[in-house]
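Read the structure below first, then the notes.
The values are calculated or read from the model by the stated rules, or taken from the named source; none is laboratory data. Keep in mind that this is a model prediction, so the values were computed, not measured. No Cβ is skipped: glycine too gets one built from the backbone with ideal geometry, and neighbour counts run over all protein chains shown.
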Amino acid sequence: MKKLLFTFLISSSFLNIQADPKTIANEVDFVISKMWESFVQGDHKMFAETMAQDPDMVTFGTDASERWDGWDELQDSVKDQFEAFDILNVKRMNKKVGLSKSEDVAWFSEIVDWEFLVEGKKQTIEGVRYTGVMEKQENEWKIVQFHSSVGVSGQVIAY
């Protein structure tokens, strides 16, 4: 009986071990890095592995018309993007990751410079702002929402 009780106490204590926030931040960053790498590789399957694929996810791109409701709309657009241009490089800067107290929700923000080819011409877009929310689903981090924008020079409304 004592051995059984001791085993139970040891097992239950493992259930309460908190993961190191740095380790979780690294896991989250790995998924974000994989998402960007999917653009460089033009690999839709890799992109899909980073996303929650939920029908109620909402995603915003940089163009005024780019609002994708649900996974199906987003994946169709990403496939079109992969066919329209080749990403040469994605440079990530000012990365920040936050973590909920429950450690099953994370959020991120970063600035990204894109270098790509369109119709054989090299182009760059600098300073694209990305924010997103991730959720741990079935023991894997998945992006459930993201928003991208390009800032305007000056203020839209002075204050």
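Scanning the stretch 36-65 for residues being surrounded by fewer than 13 Cβ atoms within 10 Å (Cβ to Cβ) and touching a Gly at 6+ places or on another chain (Cβ under 8 Å) gives a total of 2.
From the list GLY70, GLY120, GLY127, which one is at pLDDT below 95 and out of contact with any His (no Cβ under 8 Å at 6 or more places or on another chain)?
GLY120
Just one of the numbered conditions (1) closer than 26 Å to ASN139 by Cα; (2) in a strand (DSSP E or B); (3) out of contact with any His (no Cβ under 9 Å at 6 or more places or on another chain) is not true of ASN26; which one? In the conditions (1) closer than 26 Å to ASN139 by Cα; (2) in a strand (DSSP E or B); (3) out of contact with any His (no Cβ under 9 Å at 6 or more places or on another chain), ASN26 misses (2) alone.
Of the set (1) more than 22 Å from SER65 (Cα to Cα); (2) surrounded by fewer than 16 Cβ atoms within 10 Å (Cβ to Cβ), all apply to VAL90 but (2). Given the condition on the phi < 0 side of the Ramachandran plot and exposed (fewer than 11 other Cβ atoms within 10 Å of the Cβ), answer yes or no: does some residue in the stretch 105-115 qualify? Looking for residues that are on the phi < 0 side of the Ramachandran plot and exposed (fewer than 11 other Cβ atoms within 10 Å of the Cβ), one finds none in the stretch 105-115, hence no.
Right, GLY151: touching a strand residue (DSSP E or B) at 6+ places or on another chain (Cβ under 7 Å), farther than 20 Å from GLY42 by Cα, at pLDDT below 95 and small (Gly, Ala, Ser) or not? When the stated conditions are applied, GLY151 passes them. Contact map, the stretch 19-48: first residue at positive phi, second residue among the aromatic types (Phe, Trp, Tyr) and surrounded by 15 or more Cβ atoms within 10 Å (Cβ to Cβ), Cβ cut-off under 9 Å, separation 6 or more or different chains; pairs are GLY42/PHE82. In this structure, does TRP68 turn out to be without any contact (Cβ under 8 Å) to a residue 12 or more places away in the chain and either surrounded by 16 or more Cβ atoms within 10 Å (Cβ to Cβ) or touching an Asp or Glu at 6+ places or on another chain (Cβ under 8 Å) (or both)? Yes, satisfied. The set of residues from the stretch 35-49 being within 20 Å of ASP113 (Cβ to Cβ) and either touching a helix residue (DSSP H, G or I) at 6+ places or on another chain (Cβ under 7 Å) or of a type in the set (D, E, K, R) (or both) comprises MET35, GLU37, SER38, GLY42, PHE47. If the Cβ limit is 6 Å and pairs must be 6+ apart or interchain, which residue in the stretch 72-90 that is touching a residue at least 12 places away in the same chain (Cβ under 8 Å) and in a helix (DSSP H, G or I) pairs with which residue that is among the small types (Gly, Ala, Ser) and surrounded by 14 or more Cβ atoms within 10 Å (Cβ to Cβ)? Matching pairs, first to second residue: PHE82/GLY42.
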